[in-house]
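Values quoted throughout were computed directly from the atomic coordinates according to the rules given, and no laboratory measurement underlies them. No experiment lies behind these values; they were computed from the predicted model shown. Here Cβ is always computed from backbone atoms with ideal geometry, including for glycine, and neighbour counts include all displayed protein chains.
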Amino acid sequence: MEILNFLNGVYPMSPELINYLSNILKTKTLKKDEYLLRAGDICKNVYFVKKGLLRSLYLKGDKEISKWFMKENDVVYAVKSFLEQVPSLESIQALDDCTLQYITYSQLQDVCRRFPEFLNHRSILTEHYYKLSEERHAIVLYPKAIERYQYLLQNYPELIGRVPAKYIASYLGVSKATLNRHKNMLYGHPKNK
Amino acid sequence: MEFINFLHAISPMGSELTNHLSSIVKTANLKKNVYLVKVGNVCKYVCFVKEGLLKCSSLDNGKKACYWFVKENDIITPFEIGFEQVRCKESIQALEDCTLQYVTYSELQDIYFRFPEFYVHRETFIDKYVSLLDERAYILAYCPPDRYKILLQRQPEWIRRVHNRHISSYLRVPLSIVCQLKKMTKQTLAGHIKLS
């Protein structure tokens, strides 16, 4: 199971813990455009992306703001909603057909109680995603969209290749036309060559 | 002791851990504007806020920016305290006169070693900061007037108690706009104001 390899890579697990997780982990498939979670619902599960691409987003009336994008070997959950078991501020949507492995909040609490070693995984992963959140936080505060685009291009080029332009534009807070202009500025418009 | 009751509410603690904490938790007063820790220093304490209000700030693109505020019946500590005693990336400053109950970093490490049950509490300290960062990311995704409105809905006490310049820094909204929005809110906000 890929998630077990992933967790073992984070911190070595005892055979008992591996066995226990094997028995409780579940698999979920999601079709492209289907929602994994809608804003207002409580995020009850934490997911591992075995295959596919998703985005988290905020909804404001009929407008969408993409928050971030998650792909293979990423952990997916609505952070505040899952940790506090409160209604989610964000929705999570599949951008491709996805296969996910997951456990529930109460199962996670139970694993930590039964296997204190799993707190190592929890800590390391939480720290990792905290630092990612801090980094993304910093991107949002770049004053110019082109700077945010350049940051994505330098640090997450695979997202630029996979995520539809309209969602990248939504993440940057610009229109698709503006995004194309930024791309042309960086790469040069064919007409200018 | 309020700090111990707070920890019990996160997860019930055995009598040995409770007694140990009772013998080591200390009380300190922090005057308004005094720093608990500054960027680059090593933070030596985990504090419970019995009374008062503090802000945690760091640098956003070279400028000082508020990340969050912590009031009574909550924990305040730099994120790094959860893992190792590294130099802090944040400053923590009192916005009011505060009464804090605290343990030191070395006392905390000793607790983790002697009482594995306390790891649950440690995870809660860490989770808290992830949640606060997530909440701020949500607010900052919106346009400035909406940021103020959302903060007013979610954290009305911050709006009431925190000076406008800190709210301005937290929301990344110019101070003049925050002042206008606060005034309009008092007169019952109706629609957005246009930013020039």
Checked the range A:1-89 with the C-alpha gyration tensor, a ≥ b ≥ c its square-rooted eigenvalues, rounded below a/c of 1.5, otherwise prolate if a/b is larger than b/c and oblate if not; verdict prolate
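Give me the extension gain from B:Lys32 to B:Tyr112: residue separation times 0.36 nm, minus the current Cα-Cα distance, reported in nm with one decimal.
Numbers: separation 80, 0.36 × 80 = 28.80 nm, distance 3.20 nm.
That works out to 25.6 nm of additional length.
When the chain is fully extended, how far beyond the present Cα-Cα distance does A:Lys166 get from A:Glu135, taking 0.36 nm per residue of separation? Kindly include the intermediate steps, with their values, before the conclusion.
Numbers: separation 31, 0.36 × 31 = 11.16 nm, distance 2.24 nm.
Full-extension gain reported as 8.9 nm.
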For the pair B:Glu157 and A:His128, the simple spin-label estimate (label points 7 Å beyond Cα toward Cβ) gives in nm 3.5 nm
Magnitude of the Cβ-charge dipole (Lys and Arg +1, Asp and Glu -1) of the range B:142-186 about the Cα centre, nearest 20 debye, reported as 100 debye
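Using r as the Cβ-Cβ distance of B:Lys182 and B:Glu51, and R0 as 22 Å, what FRET efficiency do you calculate, to the nearest 0.05? Can you show the working numbers first?
Numbers: r = 25 Å, r/R0 = 1.14.
For R0 = 22 Å, the calculated efficiency reads 0.30.
So if we plug the beta-carbon distance of B:Arg165 and A:Ser175 into 1/(1 + (r/R0)^6) with R0 = 51 Å, what FRET efficiency do we get, rounded to 0.05?
0.95
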Taking a crude spin-label model, label points 7 Å out from Cα along the C-beta direction, the A:Thr104 to A:Glu117 distance in nm is 2.6 nm
So, for the Cα atoms of the protein assembly as shown, Rg and Dmax in Å stand at 22.3, 76
So the angle from the long Cα axis of helix B:15-24 to the longest Cα principal axis of chain B, reported in degrees to the nearest 10, equals 70 degrees
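Rounded to the nearest whole Å³, what is the per residue volume of the convex hull around the Cα atoms of the range B:2-138? It would help to have the intermediate numbers written out before the result.
Values: hull volume 13.8 nm³, N = 137.
For the range B:2-138, the hull spanned by Cα atoms encloses 101 Å³ per residue.
For the protein assembly as shown, what is the mean residue ellipticity at 222 nm derived from helices alone (per DSSP H run of n ≥ 4: -39500 (n - 2.57); sum divided by total residues; nearest 500 deg cm²/dmol)? Could the numbers behind the result be given before it?
Working: 17 runs with 183 residues, N = 389.
Dividing the helical sum by the residues of the protein assembly as shown leaves -14000 deg cm²/dmol.
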Final fewest-first order of B:His20, B:His8, B:His121 on the 10 Å Cβ neighbour count is B:His8, B:His20, B:His121
Most exposed first, judged by fewest Cβ atoms within 10 angstrom, A:Lys80, A:Lys176, A:Lys183 run A:Lys176, A:Lys183, A:Lys80
Under the rule rounded for a/c under 1.5, else prolate if a/b exceeds b/c, else oblate, using alpha carbon gyration tensor axes a ≥ b ≥ c, chain A is classed as prolate
Under the 7 Å Cα-to-Cβ spin-label approximation, B:His8 and B:Ser22 lie apart by a distance in nanometres of 1.0 nm
Net charge (Lys, Arg +1; Asp, Glu -1) of residues whose beta-carbon lies under 13 Å from that of A:Ile3, A:Ile3 excluded, is +1
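For the range B:142-186, what class follows from the C-alpha gyration tensor (a ≥ b ≥ c being the square roots of its eigenvalues): rounded when a/c is under 1.5, otherwise prolate if a/b is larger than b/c, else oblate?
On the way: a/c = 1.18, a/b = 1.08, b/c = 1.09.
Verdict is rounded for the range B:142-186.
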Assertion target for B:Cys56, B:Cys47, B:Cys143, ordered by fewest C-beta neighbours within 10 angstrom first, is B:Cys143, B:Cys56, B:Cys47
